[in-house]
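The structure under discussion appears below in the form of structure tokens.
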Amino acid sequence: MITRPQISNAKNTRQRILTAAEQIFATKGFQAMTLREVTQQAKVNLAAVNYHFGSKSGLVREVIGARIRPINAERLRQLDQLKAEYGQAPIPIELIFESLIRPLFQYAAESNFPQLAGRTMSDPSTFVRSMHKEFFMDLSIRYMQELQISCPHLDTDTVKFRFFLAVSTMVGSIMDQIRLENLFGSKLDPAKLDRVVDELISFIAAGFKQ
């Protein structure tokens, strides 16, 4: 019989492995990251990594998923709420992008997510690139469907191109906050970060619906 202390210890071990793997992956990338480094930093043995995650790929998949799933769930919750509110009427473009962008920045403000996001989007390994499809394809399709409804003057290919540019702008903004801090000459406080999101939504929406 598994006791509560055993369950608690297993959860603690799993979290230590995830924390170490996230830091190493965000810093070095998938190819350079080794399970030896992870086990040393997490103070566990290799068997513990294999038990909880099965492999290096399984571990990185969970590192990415643990960060992305809550953001995507909140995005879809907000989009569903908008859909229910507007019914058969088109949802304003600004509100669609509000539901896509603001949850990302709110989550990033509470964690060291920007570096991980940058690595996830730019890592050249085939495995990490496959994660884009796993975690973002269904979400992207859902958003493009709503954007098509709200922009009937745009053909399907144009919606895809502009959605790609919108997401690229969003990701670039979350990754490159240092440049913005240099422009303002100070760290971004919550008020400035909130203003960044407001301006980003206005900028993307204006370009998308032209």
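The values are calculated or read from the model by the stated rules, or taken from the named source; none is laboratory data. Every value quoted in this text rests on a predicted model; they were computed, and no experiment measured them. Glycine gets a Cβ as well: all are built from the backbone with ideal geometry, and neighbour counts include every protein chain shown. SASA here: full protein model, heavy atoms, side chains in, ligands and nucleic acids out. Shrake-Rupley method; radii C 1.70, N 1.55, O 1.52, S 1.80 Å.
In region 23-37, which residues are part of a loop (DSSP other than H, G, I, E, B), open to solvent by 20 Å² or more (accessible area, probe 1.4 Å) and not hydrophobic (A, V, I, L, M, F, W, C)?
31, 34
Pick from 98, 62: which is of a type in the set (Asp, Glu), in contact (Cβ under 8 Å) with a residue 40 or more places away in the chain and either closer than 21 Å to residue 167 by Cβ or in contact with an Asp or Glu (Cβ under 6 Å, 6 or more places away or on another chain) (or both)? Don't jump to the end; show me each part of the working.
On the way: 62 fails: either closer than 21 Å to residue 167 by Cβ or in contact with an Asp or Glu (Cβ under 6 Å, 6 or more places away or on another chain) (or both).
Answer to the selection: 98.
Across region 121-176, which residue is surrounded by the most Cβ atoms within 10 Å (Cβ to Cβ) among those that are more than 15 Å from the chain's Cα centre (by Cα) and aliphatic (A, V, I, L, M)?
Out of the qualifying residues, it is 147.
Can we say residue 20 is surrounded by 13 or more Cβ atoms within 10 Å (Cβ to Cβ), farther than 24 Å from residue 129 by Cα and out of contact with any Lys or Arg (no Cβ under 8 Å at 6 or more places or on another chain)? Lay out the reasoning, then the answer.
Details: surrounded by 13 or more Cβ atoms within 10 Å (Cβ to Cβ): yes; farther than 24 Å from residue 129 by Cα: no; out of contact with any Lys or Arg (no Cβ under 8 Å at 6 or more places or on another chain): yes.
The answer is no for residue 20.
Could you count how many residues in region 71-94 are surrounded by fewer than 17 Cβ atoms within 10 Å (Cβ to Cβ) and either assigned to a loop (DSSP other than H, G, I, E, B) or at pLDDT below 95 (or both)?
Qualifying residue count, region 71-94: 5.
What are the residues in region 38-61 that are part of a helix (DSSP H, G or I), within 24 Å of residue 122 (Cβ to Cβ) and either of a type in the set (S, T, N, Q) or open to solvent by less than 50 Å² (accessible area, probe 1.4 Å) (or both), if any? Walk me through it before giving the result.
Residues of region 38-61 that are part of a helix (DSSP H, G or I), as a first pass: 38-42, 46-53, 56-61.
Filter once more, so that each one left must be within 24 Å of residue 122 (Cβ to Cβ): 38, 41, 53, 56-61.
Answer for region 38-61, where residues must be part of a helix (DSSP H, G or I), within 24 Å of residue 122 (Cβ to Cβ) and either of a type in the set (S, T, N, Q) or open to solvent by less than 50 Å² (accessible area, probe 1.4 Å) (or both): 38, 41, 53, 56, 57, 58, 59, 60.
Of the numbered conditions (1) of a type outside the set (A, V, I, L, M); (2) at pLDDT 90 or above; (3) open to solvent by 70 Å² or more (accessible area, probe 1.4 Å); (4) under 19 Å from residue 109 (Cβ atoms), residue 179 satisfies every one except a single condition; which is it?
For residue 179, the exception is condition (2).
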